[in-house]
Amino acid sequence: MVCVPQLEVESRNKKRVFSGVQPSGSLHIGNYLGAIGRFALFQEGYDCFYSVVDLHAITVPQDPAELRRRTVATAALFIAAGLDPEKACIFVQSDNPNHAELAWVLQCIATFGELGRMTQFKDKARGKKSVTAGLFTYPVLMAADILLYDTDVVPVGEDQKQHVELTRDLAERFNKRFGVTFKVPEPLIPAQGGRIMSLTDPLRKMSKSDEDPDSRIEVLDSPEEIARKFKKAVTDSGREIVYDPEKKPAVSNLMTIYSLFSGKSLEEVRDAYEGKGYGVFKSGLAELVAEKLRPVRERYSELMSSGEIEKILKDGAERAYGISSSKMKEVKEKVGLCSRLSL
Ligand code: ATP
Ligand code: LTN
């Protein structure tokens, strides 16, 4: 058991943030704009916990060596995207056994019916011959991640809203049945950028698991790759650069990406490219995105070759375990589970 009392006294005056990212593939600009690029925004004003959720990743088959590599790479990208490990706790989910243990307790109050209504499960299970029980109960593990830390705010993309709502329901149900134990968290979804769409099918979200790598710009793509993928991205009929998600979903998605990376409003983007056509707009967009991601790529390479990450993750795991163990102890006592070992 690790104690960091001074840090705890100071940090509990602040609201707490928790978010997680799966090491299930290379992170794309949807992950960046919807989640990791925003993580650092909270680190000054909030007590932040950011986890590489490897237990979530194994709900679908993973190559063990590749999973280990991506777990470290994902943590390195958190830092490359601006997180300071002195300010935010960065850790790997499976390093803290409290997550899986609380998930089991929560699975015993979650219902089959409510889990069956999760749209991400339905999407991921569609067309599959065999679906694991872990994929079905995945949102309960996410609830455990959040509730273990008395989280106030959960910054995520739009696709995770339903899971945070389930987390709230489970917290309220547990509190009603066993007495107030969990804080009921709020999702925080960006007004713009919460759902970046695929470059090859603008009606579907950009996704790590899309079979076509040209459907996404990866954070570590080279400037040449970025230019090639944007050039190939589907567009709509006409040649006007206007924001109209109904009639022009492809161009509207590209404009959203432009606006978020440049800090310009959609109107400013439209005015800058008025009458110039898709080709000019796409090469401007590619240049902008490559330039904005350049420092992230560079910092990532430095971190991966320095070996710093292992130490950061070890410290993070110790802190996360220390803090969440008191919550786990309280849960066990309330539910009637006895502990005969003194840890
Ligand atoms: P997959 O696409 O394989 O389902 P994923 O990228 O959705 O994976 P995570 O890595 O767990 O899954 O997502 C990390 C964060 O990125 C989450 O907060 C999620 O909401 C956000 N996110 C994922 N895709 C997008 C997207 N297209 N636009 C905005 N945010 C996204
Ligand atoms: N389910 C999320 C990843 C995730 C998460 C979390 C996000 C796991 N645990 C806790 C926020 C808080 C996803 O697939 N994007």
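So the values come out like this:
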| item | result |
| --- | --- |
| Subset of the range 16-26 that is at pLDDT below 95 and more than 10 Å from ligand 2 (Cβ to nearest atom) - its residue that is surrounded by the most Cβ atoms within 10 Å (Cβ to Cβ) | Gly25 |
| Pick from the range 135-182, criterion in a helix (DSSP H, G or I) and without any contact (Cβ under 8 Å) to a residue 12 or more places away in the chain, ranking: nearest to ligand 2 (Cβ to nearest atom) | Asn175 |
| Every residue from the range 230-239 that is free of Cβ contacts under 8 Å to residues at least 40 places away in the same chain and either open to solvent by less than 90 Å² (accessible area, probe 1.4 Å) or farther than 14 Å from Gly279 by Cβ (or both) | Val234, Asp236, Ser237, Gly238 |
| Selection from the range 272-287 of residues that are open to solvent by less than 90 Å² (accessible area, probe 1.4 Å) and among the charged types (D, E, K, R) | Lys282 |
| Residue within the range 177-190 that is crowded, with 22+ Cβ neighbours inside 10 Å and either more than 13 Å from ligand 1 (Cβ to nearest atom) or at pLDDT 95 or above (or both) present | yes |
| Restricting the range 118-134 to residues that are touching a residue at least 40 places away in the same chain (Cβ under 8 Å) and open to solvent by 20 Å² or more (accessible area, probe 1.4 Å), the residue that is nearest to ligand 2 (Cβ to nearest atom) | Gln120 |
| Residue identified as over 24 Å from Pro190 (Cβ atoms) and in contact with a Lys or Arg (Cβ under 8 Å, 6 or more places away or on another chain) among Tyr243, Tyr278 | Tyr278 |
| Every residue from the range 39-53 that is part of a loop (DSSP other than H, G, I, E, B) and either touching a strand residue (DSSP E or B) at 6+ places or on another chain (Cβ under 7 Å) or surrounded by 18 or more Cβ atoms within 10 Å (Cβ to Cβ) (or both) | Gln43, Tyr46, Val53 |
| Index of the failed condition, Asp210 passing every other in (1) touching a residue at least 24 places away in the same chain (Cβ under 8 Å); (2) open to solvent by less than 40 Å² (accessible area, probe 1.4 Å); (3) not in a helix (DSSP H, G or I) | (1) |
| Test: residue in the range 93-107 that is out of contact with any helix residue (DSSP H, G or I) (no Cβ under 8 Å at 6 or more places or on another chain), within 15 Å of ligand 1 (Cβ to nearest atom) and open to solvent by less than 50 Å² (accessible area, probe 1.4 Å) | no |
| Failed condition for Ser207, given (1) in contact with a Ser or Thr (Cβ under 9 Å, 6 or more places away or on another chain); (2) of a type in the set (Ser, Thr, Tyr); (3) at pLDDT 95 or above | (3) |
| Val60, sole failed condition from (1) in contact with a helix residue (DSSP H, G or I) (Cβ under 8 Å, 6 or more places away or on another chain); (2) more than 13 Å from ligand 2 (Cβ to nearest atom) | (2) |
| Qualifying positions in the range 59-90 - open to solvent by less than 10 Å² (accessible area, probe 1.4 Å) and either in a strand (DSSP E or B) or charged (D, E, K, R) (or both) | Ala88, Cys89, Ile90 |
| Odd one out for Asp221 among (1) within 16 Å of ligand 2 (Cβ to nearest atom); (2) assigned to a loop (DSSP other than H, G, I, E, B); (3) open to solvent by 10 Å² or more (accessible area, probe 1.4 Å) | (1) |
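The values are calculated or read from the model by the stated rules, or taken from the named source; none is laboratory data. Keep in mind that this is a model prediction, so the values were computed, not measured. Here Cβ is always computed from backbone atoms with ideal geometry, including for glycine, and neighbour counts include all displayed protein chains. Accessible surface areas use protein heavy atoms only, side chains included; no ligands, DNA or RNA. Shrake-Rupley method; radii C 1.70, N 1.55, O 1.52, S 1.80 Å.
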